[in-house]
Amino acid sequence: MILAAGRGERMRPLTDTMPKPLQLVKGKTLIERHVEALARAGVEHIVINLSWLGHLIEKALGDGSRFQVTIDYSVEESALGTLGGIVNALPLLQEEQFLVLSADIFTDFDFQPLLNRSLENQDVAHLVLIEKSPFEGDFSLHLDRVQEPNQTAYTYGNMGLYQRQALTAFPSGQVLDLGQYLRQAVARQQVSGQLFTGLWSNIGTINELTRINQLMSR
């Protein structure tokens, strides 16, 4: 699943007429790059949630056939937040575990090994964490267990595997926060993780979009 329903407030005025997932990096949209990367990793079915200017995303990607995947859309009248968007899309997500990533990141992460993982025991998620980030660290990592942050804290890279059954307890159609869900699951020791040290950026501002375009043009 690709999360693509956000308003992109910090990138206005660019996002007033074009949603953040359709912003260009070296001539190609962020979300198109994700769809291509998932297709290379063997993904055949992708669900994308939509809200702000979502019709433009659907028009750009269509049914996914040109990427050799099937794309279904989960439309939200108003954005339901990160967790709310996932829960609302559960009827389209039939696998017991599935990958979720945000449309507004830029990365060279290889999704195939992650997709080949199986969540262990009572784990409800497996997170990809990053260390090079201007943001305050979310979690710590000991071996492959995600823990509450200590002196060495990493940022959630907005990529992870999620267990479907654990999400069915939440009401559909409500605004829900993924961060709160993950913090509670970490406190219960139900989250594994891995550290990624490759190329990663959260395209949350016009300055960051400009920086990544300059980096990719070198």
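For the structure I just gave you, tell me whether F98 is part of a loop (DSSP other than H, G, I, E, B), at pLDDT 95 or above, within 21 Å of E44 (Cβ to Cβ) and under 18 Å from the mean Cα position of the chain (by Cα).
In short, no.
Of all the residues that make up the stretch 23-71, how many are in contact with a strand residue (DSSP E or B) (Cβ under 8 Å, 6 or more places away or on another chain) and either among the acidic types (D, E) or closer than 21 Å to R10 by Cα (or both)?
Going through the stretch 23-71 one residue at a time, the tally reaches 12.
Restricting to the stretch 41-66, and then to whatever is in contact (Cβ under 8 Å) with a residue 12 or more places away in the chain and among the charged types (D, E, K, R), can you tell me which residue is surrounded by the fewest Cβ atoms within 10 Å (Cβ to Cβ)?
This residue is E44.
Quick one: count up the residues across the stretch 107-146 that are free of Cβ contacts under 8 Å to residues at least 40 places away in the same chain and not hydroxyl-bearing (S, T, Y).
8
How many residues does the stretch 128-159 contain that are small (G, A, S) and touching a Gly at 6+ places or on another chain (Cβ under 8 Å)?
Final tally of qualifying residues: 1.
Could you say which residue among M18, M11 is over 12 Å from A103 (Cα atoms), of a type in the set (A, V, I, L, M), touching a residue at least 12 places away in the same chain (Cβ under 8 Å) and in contact with a Ser or Thr (Cβ under 7 Å, 6 or more places away or on another chain)?
Result: M11 is the single residue among M18, M11 that is over 12 Å from A103 (Cα atoms), of a type in the set (A, V, I, L, M), touching a residue at least 12 places away in the same chain (Cβ under 8 Å) and in contact with a Ser or Thr (Cβ under 7 Å, 6 or more places away or on another chain).
Could you check the stretch 174-218 and list, in sequence order, the residues that are over 25 Å from G81 (Cβ atoms), touching a residue at least 60 places away in the same chain (Cβ under 8 Å) and surrounded by fewer than 15 Cβ atoms within 10 Å (Cβ to Cβ)?
L195, T197, G198, L199, M216, S217, listed by residue number.
When you scan the stretch 128-218 for helices (runs of 4 or more DSSP H) that lie fully inside it, which ones turn up with 1 or more residues that are farther than 17 Å from F98 by Cα?
178-187, 206-216
Kindly indicate whether any position in the stretch 47-63 is closer than 26 Å to I212 by Cβ and of a type in the set (D, E, K, R).
The answer is yes; a qualifying residue exists.
Here are the criteria: (1) polar (S, T, N, Q); (2) surrounded by 21 or more Cβ atoms within 10 Å (Cβ to Cβ); (3) closer than 29 Å to P149 by Cβ. Tell me which single one S118 does not satisfy.
Status for S118: all satisfied but (2).
In contact with a helix residue (DSSP H, G or I) (Cβ under 7 Å, 6 or more places away or on another chain), within 12 Å of M1 (Cα to Cα), touching a residue at least 24 places away in the same chain (Cβ under 8 Å) and charged (D, E, K, R), is that true of D104?
No.
Name the residues in the stretch 7-19 that are under 17 Å from S74 (Cβ atoms) and either in a strand (DSSP E or B) or at pLDDT 90 or above (or both), would you?
If the condition is that a residue be under 17 Å from S74 (Cβ atoms) and either in a strand (DSSP E or B) or at pLDDT 90 or above (or both), then P19 is the only one that fits.
Among the residues of the stretch 25-81, how many are among the β-branched types (V, I, T), more than 13 Å from M1 (Cα to Cα) and in a loop (DSSP other than H, G, I, E, B)?
Count: 0.
The values are calculated or read from the model by the stated rules, or taken from the named source; none is laboratory data. On a predicted model such as this, the values are computed, not experimentally measured, just so you know. Heads up, the Cβs are rebuilt from the backbone with ideal geometry, glycines too, and the neighbour counts pull from every protein chain shown.
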